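The values are calculated or read from the model by the stated rules, or taken from the named source; none is laboratory data. These numbers were taken from a predicted model, which means no experiment stands behind them. Reconstructed Cβ throughout: ideal geometry from the backbone, glycine too, with neighbour counts over all protein chains shown. Each accessible area value is taken on the protein alone, full model and side chains, heavy atoms only, with ligands, DNA and RNA left out. Shrake-Rupley method; radii C 1.70, N 1.55, O 1.52, S 1.80 Å.
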Amino acid sequence: MPVDTPSLSTAPSSLSPPSLPDLASPGSSRSHGPDPLYLPPRSVFNDDECAPLQKPRLLYFGVKGRAEPIRLAFAIAGVDFEDVRLTERAFLSRCRSGSLPYEQLPVLEMEGHVLSQSFAIMTFVGRRTGLMPAEAWEEAKAAEFVLGVDEAYSAIAETVREEDVATKMKMRTELASVHLPRTLACLDALAASNSTPGYAVGSSLSMADLVLFNLISWLRAGVVSGVPKTLADKHTHIMQIHATVQSHPRVQEWYQRPRRPTKRV
Ligand SMILES: N[C@@H](CCC(=O)N[C@@H](CS)C(=O)NCC(=O)O)C(=O)O
């Protein structure tokens with residue numbers, strides 16, 4: 001354990017997750033150790049490693065948004081998953097059927113289990129793919145990034161929901177001049193405090209890097225009108241993390257895949 005991190009005693013936990021497969025590596029308990037850069041594609045297996053289980057299904061809209069870091073985690077770890085992209089109509093129909101716990105997306109469905117809230121999904125998928133640090137302090141530091149980025153998503157989403165054009169533009173001005181610069185500066189300072197440049201936490205890839213990558217890519221794509229594409233560019237530490245993820249072979253492969261049409265379910 002690093003000398004400068006809090007040391008909390010760890011009693012054996014009575015909390016155990018439902019019996020779900022290890023997405024990353026059947027039969028192994030690989031944690032945040034080796035970078036999962038070059039692992040071959042895997043199927044998902046059950047505990048006796050015999051019968052393949054159903055693929056995990058990730059439900060979201062036909063955009064990157066809060067699902068993309070989860071999709072990237074699956075792609076990086078070579079987990080075969082169903083990338084379900086709901087239309088607004090299919091989403092509303094799912095809301096009516098009661099199959100979305102918070103009537104929101106993303107949702108992960110696995111072997112009859114349903115998990116909502118992107119942070120919970122990222123924690124679970126990150127653990128099972130080796131993209132969540134195994135050590136408690138580092139795991140909490142990764143959560144610090146993920147939840148910080150989520151605040152930026154929420155601030156953007158609030159302006160997307162606004163229907164009055166004048167109010168929306170006013171909100172966007174404030175978003176671009178106050179909220180996002182503040183969050184980006186905080187994320188950059190956090191990234192600067194990590195001893196390995198190019199990674200948010202520790203010295204290997206984690207969900208924290210993937211969420212940062214997704215936020216910066218979204219800004220740089222210029223899809224949020226009224227928010228300059230270059231807003232994150234001066235923040236060298238998070239830009240370095242963006243570069244780490246962007247240059248990852250599995251990430252490049254993911255973005256070279258033909259875009260699937262929105263799946264109607
Ligand atoms: N805290 C939730 C927020 C989820 C959320 O706001 N999802 C949006 C899409 S990013 C959604 O489902 N919007 C549709 C709606 O609320 O009607 C999470 O992190 O998963």
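For this structure, a couple of remarks:
- Within segment 95-129, tally of residues that are open to solvent by 10 Å² or more (accessible area, probe 1.4 Å), within 11 Å of the ligand (Cβ to nearest atom) and outside any helix (DSSP H, G or I): 8
- Pairs, first in contact (Cβ under 8 Å) with a residue 60 or more places away in the chain and among the basic types (Lys, Arg) in segment 63-87, second part of a loop (DSSP other than H, G, I, E, B) and buried (at least 20 other Cβ atoms within 10 Å of the Cβ), C-beta under 6 Å, six or more apart: ARG66/PRO106
- Restricting attention to segment 130-149, the residues being open to solvent by less than 40 Å² (accessible area, probe 1.4 Å), assigned to a helix (DSSP H, G or I) and touching a helix residue (DSSP H, G or I) at 6+ places or on another chain (Cβ under 7 Å) number 5.
- Verdict on LEU92 being more than 13 Å from the ligand (Cβ to nearest atom) and either surrounded by fewer than 17 Cβ atoms within 10 Å (Cβ to Cβ) or among the aliphatic types (A, V, I, L, M) (or both): no
- Filtered residues of segment 192-203 (kept if open to solvent by 10 Å² or more (accessible area, probe 1.4 Å) and in contact with a Leu (Cβ under 9 Å, 6 or more places away or on another chain)): TYR199
- Filtering segment 157-181 to residues that are modelled with pLDDT under 95 and within 18 Å of VAL211 (Cβ to Cβ) leaves only ALA157.
- Tabulated pairs, segment 215-242, first free of Cβ contacts under 8 Å to residues at least 24 places away in the same chain and open to solvent by less than 20 Å² (accessible area, probe 1.4 Å), second hydroxyl-bearing (Ser, Thr, Tyr) and part of a helix (DSSP H, G or I), C-beta under 8 angstrom, 6+ apart or interchain: none
- Verdict on THR159 being open to solvent by 40 Å² or more (accessible area, probe 1.4 Å) and over 20 Å from the mean Cα position of the chain (by Cα): no
- Unmet requirement for ALA189, which otherwise passes all of (1) more than 13 Å from the ligand (Cβ to nearest atom); (2) surrounded by 20 or more Cβ atoms within 10 Å (Cβ to Cβ): (2)
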